[in-house]
1. I'd like the mean, over residues of B:68-77, of how many other protein chain beta carbons sit within 10 Å of each residue's own Cβ.
2. By how many degrees, 0 to 90 and rounded to 10, does the Cα axis of helix B:88-100 deviate from the longest principal axis of chain B?
3. Do the sum for chain B: with -39,500 (n - 2.57) for every DSSP H run of n ≥ 4, divided by all residues, what is the mean residue ellipticity at 222 nm, to the nearest 500 deg cm²/dmol?
4. Would you list A:122, B:242, B:338 from fewest to most Cβ contacts within 10 Å?
5. How many Cβ atoms of partner chains, on average, are near each residue of B:283-291 if near means within 10 Å of its Cβ?
6. What is the helix-to-structure angle for B:103-115, meaning the angle in degrees between its Cα long axis and the longest Cα principal axis of chain B, kept from 0 to 90 and rounded to the nearest 10?
7. Any chance you could give the angle, 0 to 90 degrees and rounded to 10, that helix B:291-319 forms with the longest Cα principal axis of chain B?
8. Ranked highest first by average number of other Cβ atoms within 10 Å, how do B:233-241, B:287-295, B:352-360 line up?
């Protein structure tokens, strides 16, 4: 990276290190991205309306052809096959966000299945599934957790048995999101009952629309149903719909590519959430005055701001270390719990600011009238989910303590025996 | 994008760590803490010899012409090693003379301050109706050729060759050691690694720094960042000491660090403090390069880091069990330093309110 390093006397010895820009060599790249966006977004046929599905699909295609989307996916599978460049990717994210242009599709197919297949799948699996997943032709859900296998995922009990050229699957999965639309599932299934705990699991792909699969939505604390339970009763999938070898499923499920990892994303989201908290504090009132004028509210806001800024600066450090190939230390393993802590602090202060309104349900008031603050009730509930989803905060603490601080590993968690 | 220490700053950090581990190990910290001497003369002259006391001063007056980020590397190291003796008030006093002094004032004082042959302190706090008055707009001590009044919480005033004193109107004046009417009384400070004095003036001659009122906010901002850096160093030392203890101490036949309850406490300490180093660096960088955001960044870093330090030091005592509650345990040094960092130049709540004001909330 370019550094400002005047070359005389002691200044040359102690040249200035910090540079929060991306360097002039990236100016041209940024200008190309802007010029692409001026030409393609919003799509001309939209005429000021929200673009429909087809124009968005064409925009993503054009963005991929230009090398801005699906950068780590080979061209033959529908990606743009770009050399890894964290700063180039960051600039693309910034410029797309500035004009609210859609980035890559989100969801289990593009974000989990496609990278896993690229790393561990066979050629025919990549040909059949990767392009369809990233273009949204196929939608996928994940079958990992089970009622008895949450944090201790490797104790899962759903079985897969090879019979007459097919896997026959029996058991139950839970916390399956995207269940409404998913046509396919990638699942961890115990196929080697005699093998040790982690070595008995295989990574199978299956179709959801078949007699042996039953989906039952779970009603969650907000009243919505983002998740479902999935029951398998002799569900079937072809023998070669296995990714990796038999018994390699645990490793396959952990092989996600760490390609151009977005290290700023969490900090950006926390910053945006904090700005909406500031808007709430301006709107809410204490003793007839805007709450934001209250001394304790200002101190509480600034306290949270300290954490938000900490995450932003920590993301710069992590980005720099990734660019320079330096050890980031414990920082990456602290991100999830730090983000969760911020979201929870925001929800506590928002709750205080809302006062009695926070006792009202976010929707469905008999009069049909809402205060406009109902999204904060969902945030209050959602902040609880964040501490659980994707690895609970307590599991994160174990990881930090054992891998980050080098404390002795928990003997119980090391036990590697079949359940 | 480069947001990390330079190789040269890492070298400086490494040099200081080796110097302090050799010249002022924890056994020596304890001797100084329990004794009456303010500091170890060899440590002070060693810091001067390494060149860290004038890092921020101009090269033609004996300094290194560097920036606040370099100085905060030093503050962090002193915090990590709980090094007793002057630093913060000395570099702030020198910065005030450099930025606000006349050329003759700068030439007279800065070369000696840069090497540590001369030592200065920084006297600003006055007693107010509800707590200390730290901010320039609150200073009441009036300069009418001489000054009469009191400054409190002055670090290491005893033995200093020179005091930089905050004056009514938000400027600074110089008072030399031995000046008529100058009296220094030691306060019973908790943090015996940084002694506090109460200074009184009675018709004491005072020489104003011509541009004092223009730079007082800047000098105080630098102090906030250095306190935040010290707090980071101290809090990291608390976490490291607690983790090391958890790996050695055995109960029920196993290392206590294998118990999940303690693991989670230690992990939470890491979550609170490991990511904050960038916040200090950002505030230090902003001080020299991002003037529009620098003031809020300094206030935010001071409030956040010193509050975390107090909290982490308390948790470190608990993580050490019974031994943590004894005078023998080194954690007490950082616990007491955390209270100094939190209070000095205004407490965390003051700087949270200032952050809110400066950001226009």
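1. Values: counts 0, 4, 3, 0, 0, 0, 0, 0, 0, 0.
The mean count of partner-chain Cβ atoms within 10 Å per residue comes to 1.
2. 40 degrees
3. Rounded to the nearest 500, the figure is -17500 deg cm²/dmol.
4. On the way: A:122 13, B:242 26, B:338 29.
Neighbour counts put them in this order, fewest first: A:122, B:242, B:338.
5. 2
6. 30 degrees
7. 40 degrees
8. Values: B:233-241: 24.2, B:287-295: 17.0, B:352-360: 19.0.
Highest mean packing first, the order is B:233-241, B:352-360, B:287-295.
Every read-out reported here was derived from the displayed coordinates using simple, explicitly stated rules and does not represent laboratory data. Since we're looking at a predicted model, the values are computed, not measured. As a convention, Cβ positions derive from the backbone with ideal geometry for all residues, glycine included, and neighbour counts pool all protein chains shown.
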